[in-house]
Amino acid sequence: MASVAPPPLSCHHPHKLLFHHRSTSPTRDHNNNPFPSFTVPKSSLSPPTTHKTHRISPTKSHSPQPFLQRLHNLCDSGNLNVALNLLHSHSQNGAVSSPHIREAIGLLLRACGHHKDIEVGRKLHAMVSASHHFRNDVVLSTRAIAMYSSCGSPADSRSVFDAATQKDLFLYNALLSCYARNALFRDAVSLFLELLSAELAPDNFTFPCVAKACSGLADAALGQAWIQLEKKISKIGYKPDTSCVLHELEEEEKIKILKNHSEKLAISYGLLNTAKGTTLRICKNLRICVDCHNAIKLVSKVVERDIILRDNKRFHHFKNGFCTCGDYW
């Protein structure tokens, strides 16, 4: 009997050719699934120039994507307790592999910091600490430090740092950022010195944190200098004029705001960094307020200095308790 050859597959039907090849050549997927998988067109209506395909396997899928997507949605919506329970159940039943559990932990730690939910964050951190897989994970420790920092708990951040068996630059940077963010400037400088003694090389993230800490210490020094000045001028009649503060705040809060006016800090800086008797010259792009004007007049008398201030209206020459504007500007 003569054999009949099968009709040739037309090159104008690439989908048929692709399916024929797959059907005659069973393959194993990356999970060593013994069942064949086929590549089929996404849509039979797709134009011939685009051949988007999907893999279909007869076996049950163990893809972590639905789990991670659901966790991501819960974190975005702030349902962190539900997200924690979901993570715990999947980590217990082994439905998701360790790398994806690790990714989920990092995602939830970041969400706890974003939503300032330190209670869920502590529960999650306790779970991580109890796990022999993740307790020494530097990346997760870094995330935990950042989470506690965002929640305003630098003491917890320090505890995570101290518990780490391996301290790399990322861990130091995370705690440096925490200290700078929470205005613990002296602690930040001390940690930087500790980093150098550990023979780690600072990077482009380290230096801005240290610079912020040093700047904060300088601002604190200026603030202390103004407090000392304020004590002296109070003895000769200075009283804070809170009418300059238009916010609806308590009187004490208004006084705190007045202490941080830029003219006062500039004068404090000038007095700390110039020789006795030197004239101080200050420029300001806004109109000087009444409280600062009254204070600077008395400062010029107490420190026996000429102070020349230029605001957006005019020059003010302060000397021996008086101003050349005659209190009119």
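The values are calculated or read from the model by the stated rules, or taken from the named source; none is laboratory data. Quick caveat: nothing in here was measured; it's all calculated off a predicted structure. Here Cβ is always computed from backbone atoms with ideal geometry, including for glycine, and neighbour counts include all displayed protein chains.
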Which ranges mark the helices (runs of 4 or more DSSP H) fully within segment 179-281 that have 3 or more residues being free of Cβ contacts under 8 Å to residues at least 12 places away in the same chain? 185-197, 206-234, 251-259
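Please specify each residue of segment 140-167 satisfying the condition of being among the hydrophobic types (A, V, I, L, M, F, W, C) and surrounded by 15 or more Cβ atoms within 10 Å (Cβ to Cβ).
Of segment 140-167, the ones among the hydrophobic types (A, V, I, L, M, F, W, C) are 140, 144-147, 151, 155, 160-161, 163-164.
140, 144, 145, 146, 147, 151, 160, 161, 164 - these are the residues of segment 140-167 that are among the hydrophobic types (A, V, I, L, M, F, W, C) and surrounded by 15 or more Cβ atoms within 10 Å (Cβ to Cβ).
Hey, among 260, 294, which residue is exposed (fewer than 13 other Cβ atoms within 10 Å of the Cβ) and polar (S, T, N, Q)?
Working: 294 fails: exposed (fewer than 13 other Cβ atoms within 10 Å of the Cβ).
Only one candidate passes the filter, namely 260.
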Those residues that are within 22 Å of residue 231 (Cβ to Cβ) and in a loop (DSSP other than H, G, I, E, B), I need them from segment 307-329; list them, please. 320, 321
Filter segment 273-308 down to the residues that are out of contact with any Lys or Arg (no Cβ under 6 Å at 6 or more places or on another chain) and among the hydroxyl-bearing types (Ser, Thr, Tyr), then identify the one that is nearest to residue 328 (Cα to Cα). 279
Being within 18 Å of residue 88 (Cβ to Cβ) and of a type in the set (S, T, N, Q) is the filter here, so list the residues in segment 111-160 that pass it. 129, 131
Determine if segment 128-149 includes at least one residue that is at positive phi and of a type outside the set (A, V, I, L, M, F, W, C). no
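Residue under question is residue 253, and the condition is that it be at positive phi and not assigned by TED's automatic domain parsing to the domain that holds residue 299; does it hold? Give the derivation first.
Numbers: at positive phi: no; not assigned by TED's automatic domain parsing to the domain that holds residue 299: yes.
Against the criterion (at positive phi and not assigned by TED's automatic domain parsing to the domain that holds residue 299), residue 253 does not qualify.
When you go through 158, 143 one by one, which is the residue that is of a type in the set (D, E, K, R), closer than 27 Å to residue 102 by Cβ, in contact with a Gly (Cβ under 8 Å, 6 or more places away or on another chain) and assigned to a helix (DSSP H, G or I)? Before the answer, list the steps.
Values: 158 fails: in contact with a Gly (Cβ under 8 Å, 6 or more places away or on another chain).
So the residue among 158, 143 that is of a type in the set (D, E, K, R), closer than 27 Å to residue 102 by Cβ, in contact with a Gly (Cβ under 8 Å, 6 or more places away or on another chain) and assigned to a helix (DSSP H, G or I) is 143.
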Output the qualifying pairs, or none if there are none: Cβ atoms under 9 angstrom, residues six or more apart or on different chains, first residue in segment 121-134 and among the aromatic types (Phe, Trp, Tyr), second residue part of a helix (DSSP H, G or I). 134/98; 134/101; 134/102; 134/105; 134/127; 134/128; 134/140
Breaking point among (1) at pLDDT 90 or above; (2) exposed (fewer than 13 other Cβ atoms within 10 Å of the Cβ); (3) not acidic (Asp, Glu), for residue 273: (1)
